[in-house]
1. Between Ser317 and Glu17, what length comes free when the chain is fully extended (0.36 nm per residue of separation minus the Cα-Cα distance, one decimal in nm)?
2. Search the structure for amide H atoms under 5 Å from the amide H of Ile12, placed 1.01 Å from N in the peptide plane, and list their residues when 5 or more places away or on another chain.
3. Taking Lys242 as the anchor, which aspartates and glutamates have their alpha carbon closer than 13 Å to its alpha carbon, excluding any fewer than eight residues away along the same chain?
4. Quick check on the exposure proxy: order Leu310, Leu265 from fewest to most C-beta atoms within 10 angstrom.
5. Taking the Cα atoms only, what angle lies between the long axis of helix 89-105 and the longest principal axis of the chain, rounded to 10 degrees?
6. Largest first and in whole Å, what are the equivalent-ellipsoid semi-axes of the chain based on the Cα gyration tensor, each being the root of 5 times an eigenvalue?
7. In sequence order, what are the phi-derived ³J(HN,Hα) couplings for region 106-117 according to the Karplus relation 6.51 cos²θ - 1.76 cosθ + 1.60 with θ = phi - 60°, rounded to whole Hz, with x for glycine and proline?
8. I need Ser235, Ser338 ordered by Cβ neighbour count within 10 Å, fewest first.
Amino acid sequence: MVEETWCGRALIGEDFEERCVEISVLNGRIHRIEEVRAAPETWICPSFFNAHTHLGDTIAMDCAAEGDLTALVAPPDGLKHRLLRAASRQSLVSGMHLSIRRMIGGGIHGFADFREGGVDGVNALKEAAAGLPCRPVILGRDGGEAVADGAGISSVRDCPDVEGVVARARAARRPVAFHAGERDRFDVDRALSYNPDLLVHMTHATDRQLRKAADQGISIAVCPRSNWMLGVTDSRDHPPLKRMINAGCSVLLGTDNVMFVEPDLFSEMAFTSTIYRIDPRVLLHAAIDGALLTGSSPYLKEGSAAEFLLINTQNTSLIHSQDMVTSMVRRVDRSVLSNTLIKQKKE
Ligand SMILES: [Zn+2]
């Protein structure tokens, strides 16, 4: 077996400890991490996981859109759902495929997608993702959950048989995720009562609801740019990121609808850092930790899957960075990404 090595300034382990190292990869896994005295001007960072997407609406990118959340994206007849129904299967698959490639080019190695369109919709995304070095977690609805990785339920308000969907997913040991608290707080308690694996948005969740999510160990995927675009917030108090962190919630970053927001986590981190003034370490974790939903460790440590970003800082001002984590969150973008290394373990 050929051992490959990479050398650079790296964010090691769960604490993102900045060290100059040589990382050797064997059989798709990080085999060894050794300290070196001098490293080339390469940064090595765990790859990203986009914790909430709707890739299907790539086909409606930047369409003329007016109206509130219900008019634009609520099932069954919001603008997005009408456009999805009118799209050919071929353009739908091609749109999703191209969006996944855009994400890979932006350092994203996995994503959790709420896939509309039942069984056909889930199969279309499987086809779109086939052969690409990216791990999809497909969360289906309207029957699609039976052939997906799990269930992605639009608000409890919009799903006529939540009990049945949750019970079937649990019986099959598949994860359950809900949109909750996007427009107001009134669908959050019911969503919490099903003890899901993931809640998306929680833009208007109360402290009590956040504490419950933290106590129940439910991750929260926030999508700040989407919330601003869709007019469900106009202040840094929503989504209540600071309160989420204080309550001990596990916060993840997602980019939501491709039709309105580019699925790019560099932009999401920079925006969120500017508006919400959150510790950069917490934000970098939020862009990476979604991979934990797949049961694998995303961190750079011996034994982890060899999935990391190589960033070429040579001849850029980034070589002057005094703190790699802060610069990753506020300044780095895809233009300096030289490679996304995603090696799957050969079984
Ligand atoms: Zn969503």
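Here, each number is a calculation from the coordinates, and none is a lab measurement. Treat the numbers as computed from the prediction; the structure is a model and nothing was measured. Note that we place each Cβ from the backbone using ideal geometry, even for glycine, and neighbour counts take in every protein chain shown.
1. Details: separation 300, 0.36 × 300 = 108.00 nm, distance 2.14 nm.
Additional length available on full extension: 105.9 nm.
2. Glu17, Glu18, Arg19
3. Hits, sequence-local ones excluded: Asp207, Asp279.
4. Details: Leu310 18, Leu265 30.
In increasing order of surrounding Cβ atoms, one gets Leu310, Leu265.
5. Approximately 30 degrees, to the nearest ten.
6. 33, 22, 20
7. Each residue of region 106-117 in turn: x, x, 9, 9, x, 7, 10, 10, 7, 9, 7, x Hz.
8. Ser235, Ser338
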